[in-house]
Amino acid sequence: MDELKYVLLSAIREAGRIIHSNFNGIFRIDHKEGINNLVTEVDQLAEARIIEIIRASFPEHSIIGEESGEYLHESSEYQWVIDPIDGTVNFAHGIPLCCVSIGLLHKGSVTMGAVFNPMMNELFFAEKGKGATLNGQPISVSQKTDFRTAFLVTGFPYKWPENTLEHPVKVFERMVLQGLPIRRLGSAAIDLCWVACGRFDGFWEYNLSAWDVAAGYLIVLEAGGTITDFDGRIGNVFDKQTLATNGHIHHDILSVIRKIEE
Ligand code: IPD
Ligand code: CA
Ligand code: CA
């Protein structure tokens, strides 16, 4: 197996073990910016272990970790983007919808990514040009073409953005008024992977960070899905607007987000 893939999978499995063994246990919980933006000592433990594993093989690579910040090596073409627990609020409340997310960027574009929910034992993986898998089996986005029956998922920021063109609640209201079933799971990485494997037909969220989306971004694309910003532009994992769909309903969902009367 390619060394990058081996290290990625070893790191994510190891972090998954840490999370699984502490699930429903006793751990310290701190608050980050905003009273509901939590971080537990398990997040920190898992991230430290992931970084240790990556560094042991690739000491010259750049790393961005949600909890420990950026270690940038100007000369490196590779950048690991880590969310040790995506869905920390769920984890802290004993809800098994949380995961580890690790994306690997090469020259700024995501080339490999994995998302692992150890409680459900679901490992999503994708490598650029090689498709996406769930526990080793190929996955693909749903085939639904009728937006009126779409099953959607979204999320909301803990800190409300000030200079968005439109308040995210307004967009949510318009979507709900379409009579569509919409879920809020609390883990953007899982949301993306569940679009990739066809459980959901689409996901949108404003103000996510690169560590939330880096792995899921590639997993959706490799599963045949479409990702753009809210203007329909193809961007990258650092964008602040994320719309991921099966492709077929992309235009319709964009129309609702952008309030376009057809
Ligand atoms: C959060 C989750 C959530 C999303 C938040 C993220 P965290 O990540 O992905 O679904 O709505 O915006 O911050 O804090 O659990 O790693
Ligand atoms: Ca996150
Ligand atoms: Ca996190």
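Quick notes on this one:
- Of all the numbered requirements in (1) of a type outside the set (Lys, Arg); (2) under 18 Å from the mean Cα position of the chain (by Cα); (3) at pLDDT below 95, residue 141 misses one, and that requirement is (3).
- Yes/no for residue 205 being open to solvent by 20 Å² or more (accessible area, probe 1.4 Å) and touching a residue at least 40 places away in the same chain (Cβ under 8 Å): no
- Within the range 70-85, residues that are away from ligand 1 (no atom under 16 Å from the Cβ) have Cβ atoms under 6 Å from residues that are in a strand (DSSP E or B) and among the small types (Gly, Ala, Ser) in these pairs: 72/62; 73/62; 76/62; 79/62, counting only partners at least 6 apart in sequence or on another chain.
- Tally of residues being under 13 Å from residue 109 (Cβ atoms) and in a loop (DSSP other than H, G, I, E, B) across the range 221-245: 6
- In the range 183-218, the residue that is farthest from residue 244 (Cα to Cα) out of those that are of a type in the set (Asp, Glu) and within 14 Å of ligand 2 (Cβ to nearest atom) is 212.
Here is a yes/no grid of residues against (1) at pLDDT below 95; (2) within 16 Å of ligand 3 (Cβ to nearest atom):
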site: 176; (1), (2): yes, no
site: 187; (1), (2): no, yes
site: 207; (1), (2): yes, yes
site: 225; (1), (2): no, no
site: 240; (1), (2): yes, no
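- Looking only at the range 53-67, and only at residues there that are in contact with a Pro (Cβ under 9 Å, 6 or more places away or on another chain) and assigned to a loop (DSSP other than H, G, I, E, B), the one that is nearest to ligand 3 (Cβ to nearest atom): 66
- Matching residues, the range 174-202, being open to solvent by 20 Å² or more (accessible area, probe 1.4 Å), farther than 20 Å from residue 131 by Cβ and assigned to a helix (DSSP H, G or I): 174, 176
- Members of the range 204-214 found to be of a type outside the set (Ser, Thr, Tyr) and within 10 Å of ligand 1 (Cβ to nearest atom), listed by number: 205, 207, 208, 211, 212, 213
- Within the option set 37, 24, being more than 16 Å from the chain's Cα centre (by Cα), on the phi > 0 side of the Ramachandran plot and either open to solvent by 10 Å² or more (accessible area, probe 1.4 Å) or touching a residue at least 40 places away in the same chain (Cβ under 8 Å) (or both) holds for one residue only, 24.
- Filter result for the condition that a residue is assigned by TED's automatic domain parsing to the domain that holds residue 96, acidic (Asp, Glu), in a helix (DSSP H, G or I) and more than 21 Å from residue 135 (Cα to Cα), over 33, 47: 47
- Within the range 57-96, the set of residues being open to solvent by 40 Å² or more (accessible area, probe 1.4 Å) and within 15 Å of residue 12 (Cβ to Cβ) comprises 57, 66.
- From 76, 57, 62, residue being away from ligand 2 (no atom under 16 Å from the Cβ) and in contact with a helix residue (DSSP H, G or I) (Cβ under 6 Å, 6 or more places away or on another chain): 57
- Matching residues, the range 40-49, being within 12 Å of ligand 3 (Cβ to nearest atom) and open to solvent by less than 70 Å² (accessible area, probe 1.4 Å): 40, 42, 43, 46, 47
The values are calculated or read from the model by the stated rules, or taken from the named source; none is laboratory data. What you are looking at is a predicted structure, and each value in this text was computed from that prediction instead of being measured. With ideal geometry, Cβ positions are generated from the backbone for all residues, glycine too; neighbour counts draw on all protein chains shown. What goes into the accessible areas is simple: the full protein's heavy atoms, side chains included, and nothing from ligands, DNA or RNA. Shrake-Rupley method; radii C 1.70, N 1.55, O 1.52, S 1.80 Å.
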